[in-house]
Amino acid sequence: MPSSVVSRQLTEWAFTQITGGEGTKDGEWLTVSSFPTTVHVELLKLKKIPDPFIALHEWDVQWIGEAEWAFKTTFNVAEEELSAGNVDLVFEGLDTFATVLLNGQKILETSNQFISHRVPTKEQLKAGANELVLNFDSAFLKGKDIEKTHKKYGLWNGDSSRLHVRKAQYNYGWDWGPILMTVGPWKPIKLEVYQTRISDVDIRIDISESLAVSLKADLAFSDKTADHATFVIKDPAGTVIETGDNLPANGGSASTSFSWEAGRLQLWYPVGYGSQPIYTAEIELYDRDGKILDTKVEKISFRRARVVQDKLIDQEGLTFLFEINNIRIFSGGSNWIPADSFLTTVTEERYRAWLQLLVDGNQNMIRVWGGGIYEYDVFYDICDELGILVWQDFLFGCGQYPAYDSFLESVTEEAIQNVKRLRHHPSVVIFAGNNEDYQIAEQLKLELDYGDETSDFRKTNFPARHIYERTLPEIVGKYSNIHYHRASPYSGEGKPTTDKTLGDLHQWNVWHGSQEPWHNWDILAGRFVSEFGMEGYPNIRTVDYWLGGNTAERFPQSRINNNHNKADGFERRLELYLVENFKHSFEMESYVYYTQIMQAETLASAYRLWRRNWRGRGREYTAGALVWQINDCWPVTSWAIVDYFLRPKPAYFTIARELRPFTVGMTRKEEQSFANERTAAFFSIRTILEIWGTNSTLQEKKVSLEITSFDLHSDWTDKWEKDVVLAANASTELYKGDLPGQPERLKKSEAPRVIIVSARLLDNDGNVLGRYSNWPEPFKFINFPTVHELGLKATVGADGESVVLEAKKPIKGIVLDVDREDVKWSDQAIDLVPNDPQTIKAVGLNGREIKLRFLGDGSA
């Protein structure tokens, strides 16, 4: 009999098709290559299906999602194991409707991808070989049947039956993702043998405003036969700092608590504001003879996290901001969708690469979107380690969800399990009830009285409001200390989701909605913009990957390229924003370039204008901007700023520049004044330049502001400097006045001069802390000088992996590339002005010739 919990994964599996479609031969069991896994992954490895990521093959594998599948394994159990008090099978995740047979006996039925199951199996097991079979129904067909039994509800994206199925909703197709209905054991399956085990560890940390720390730990055990437990806290160096010995455990639970005065412990901070110390709590459970029954190690950190909704100075509404350890944080970050259509292929290394890109791009928050999954543990571990704040949605997306009893029961268990799983992560600072479900309710004009705080809602035509306003807040409040927010977006105070003065906002009136110019981001701002975006093609190598060598399809409007953009009306929207702003070409590589530059300009503008709204305490008019989206789940044209193969688009770099600790921003606006109130013919037009700086550090910063103006079509320049002080953790207005070199215009037939204004922030040693060049827009009106006149030079440094860019005239939107495999560039979409060379790192350049694209390069 084991003296402690013995756990082993069951990894030797085979699978077969039971019914439906055109797959395996009858009775043919195929060995799986890895475990956990899903059907598509295994069929791909066996070359029994085409790659759905290439060409139109997505549509050649749809039968998989409508077939039934089985997985089986045989494993041995020793007599000694059967003599233990308990022998359980643990299913961490089955996707989705599964019937589990052990030695021919049904032991489990599942209907929720996000729930784990522990099944006592001592009675069904036998010494020697045991057979475990998992029979999976088609989630799609099962969902259709459930929908017929209950009701069809409204939604955006995918088949309406998804609303009844607790499965990753993006599997049904989204406006950036394919329809790939995965099926199989997507998380580990383990056999656990034990006498008594630690069944729950609930560590609650409370930090006062003075930053004094208290910790309470409640431990639960599988039965009342244990004698005592110990609870040890170790600091990041592994030194024991607190011990709770001989905690009585014979009641089936134990608890202990500790407290520390301010300054005794190292606090956890978001990236850029401090370090990320990870402590450990080690729990051991003993019997009366002092033998260890079970051990658990939990990583913990200490931080005070608040969502602050305070009144503002000079504006209506309330703040919506995150405060960590009494520091108010401007949250600059991204939305996260699942990193693959096939989740079991996402390794720890891929997660780390994605999240490191986020940090390298100066971002400090990621929102785990409600149409995917509660991510694997390793995702949150890496966020803890890197200092990334996590906004976690519950998994409801763009739908009018039901709330009948069986659905609510499943959702309740799902929420309890995942809140318990995630609550100890310092990175997780908010749970949101859903993604855009209140927006669906508004659009469909469902029963939605925002002032009603007492109803049950289940008998209305918006029944899921019961989940978001009754079930989930109760669960989050009971099982964690994490802030709960009813939805994203959600305003509160009785206001609709479009209110710009309260809560968080999804600002889709650029691209979707009213299709505003991106120059209007300033008037489209909200208190916290948790979604906004612009599409752009991925790297041309990614395009060529999905074309699969079919050069006849290598043009923007081809059938294959069309299939690799899932957004409704994407051609109209892309072309609207392109044609309003650029002269452009339809040649494939040029089209990729122009959409990328458009995306880069659009998104950089949003961050630039919204950081300006972070004006200091009481004036946090915009406290966050999370771009939709950082990543893709397959090779596609989408709103992602980094494509499926982790190739950053130019927008990734322009956002990184706008989220540096110190930035400088500018706008130019025309002001028209009439000679008198009766005339329409006599007026003057002045061009007004506004300049501001931002500082995300906690100390004010003395810098030199350097402003250089250039006329693109002459040798005229103007330069001035002044010493300025950037306020701590705020934006600072630096200048407002006439645009240098731009004369007052008296007729609209007088074209304005093409004046480019370059702003730089310099420290005492002349280092450039931030730079930005402001150009007249739209760019399509500019007659660019010849390429020869620009004098653009790219000089490779002695190290072979750096490039110095310099030019004789201002140049807009430089993108560097090489033939064959890609280079890891440190910057892209670069604006260059004379006498301000910029150095770009180019890891992997290996002496290859650099190709340069820019506005006015002759391609349009």
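Values quoted throughout were computed directly from the atomic coordinates according to the rules given, and no laboratory measurement underlies them. Computed from a prediction, not measured in an experiment: that's the story for all the values here. Quick reminder, even Gly has a Cβ in these numbers, built from the backbone with ideal geometry, and neighbours come from all protein chains shown.
A few remarks follow.
- Loop sites in the stretch 54-147: trypsin sites (Lys or Arg not before Pro), DSSP, at most 14 other Cβ within 10 Å: 126
- Positive dipole terminus of the stretch 785-860, leading residue within 813, 842, 790 (C-beta point charges): 790
- Estimated Rh, the stretch 604-668: Kirkwood, alpha-carbon pairs, angstrom: 13.2 Å
- Here the chain is treated with +1 on each Lys and Arg Cβ and -1 on each Asp and Glu Cβ, and its dipole about the Cα centre works out to around 1340 debye.
- Here the relative contact order of the stretch 785-860, from alpha carbon pairs under 8 Å that lie six or more residues apart, stands at 36 percent.
- Positive dipole terminus of the chain, leading residue within 648, 633, 132 (C-beta point charges): 648
- Distance histogram for the chain (every C-alpha pair counted, 20 angstrom bins, percent rounded to whole numbers): 14, 43, 33, 9, 1, 0
- Exposure proxy ranking, count of Cβ atoms within 10 Å, fewest first, for 462, 320, 662: 662, 462, 320
- Mean Cβ neighbour count within 10 Å, used as a protection proxy, ranking 371-378, 180-187, 241-248 highest first: 180-187, 371-378, 241-248
- Residues 279, 404, ranked from the fewest to the most other C-beta atoms within 10 Å, line up as 404, 279.
- In sequence order, calculated HN-Hα J values of the stretch 106-111 (Karplus, 6.51, -1.76, 1.60; Hz; x Gly/Pro): 6, 10, 6, 10, 10, 8
- Stretch gain in nm, segment residue 223-residue 409, where the contour uses 0.36 nm per residue and the Cα spacing is subtracted: 64.5 nm
- For residue 701, a cut-off of 17 angstrom between C-alpha atoms picks up these aspartates and glutamates, skipping any fewer than 8 places away in its own chain: 721, 723, 733, 763, 765.
- Using a cut-off of 26 Å between Cα atoms, the listed pairs 167/649; 142/495; 187/296; 167/216 include 167/649; 142/495; 167/216 as exceeding that distance.
- The alpha carbon convex hull volume per residue for the stretch 146-269 rounds to 263 Å³.
- Cα-based radius of gyration of the stretch 168-212 once divided by 2.2 N^0.38 Å, which approximates compact folds: 2.25
- The stretch 207-275: projected area of the alpha-carbon convex hull, averaged over directions, in nm²: 6.0 nm²
- Calculated FRET value between residue 315 and residue 804, using beta carbons and R₀ = 45 Å, to 0.05: 0.50
- Student exercise, the stretch 660-783 dipole from Lys, Arg, Asp, Glu Cβ charges, in Debye to nearest 20: 340 debye
- 5 angstrom amide H check on residue 241, placed H, neighbours 5+ away: 233, 234, 235
- Interchain or long-range residues, amide H under 5 Å from residue 388's placed H: 271
- The stretch 71-125 - charge dipole about Cα centre, Lys and Arg +1 at Cβ, Asp and Glu -1, debye rounded to 20: 180 debye
- Direction-averaged projected area, Cα convex hull, the stretch 797-848: 3.6 nm², rounded to one decimal.
- Considering only 400, 417, 443, the residue lying farthest towards the positive end of the dipole of the stretch 385-485 is 417, judged by Cα position with unit charges set on Cβ.
- Directionally averaged shadow of the stretch 660-783, computed from the convex hull of its alpha-carbon atoms, nm²: 9.3 nm²
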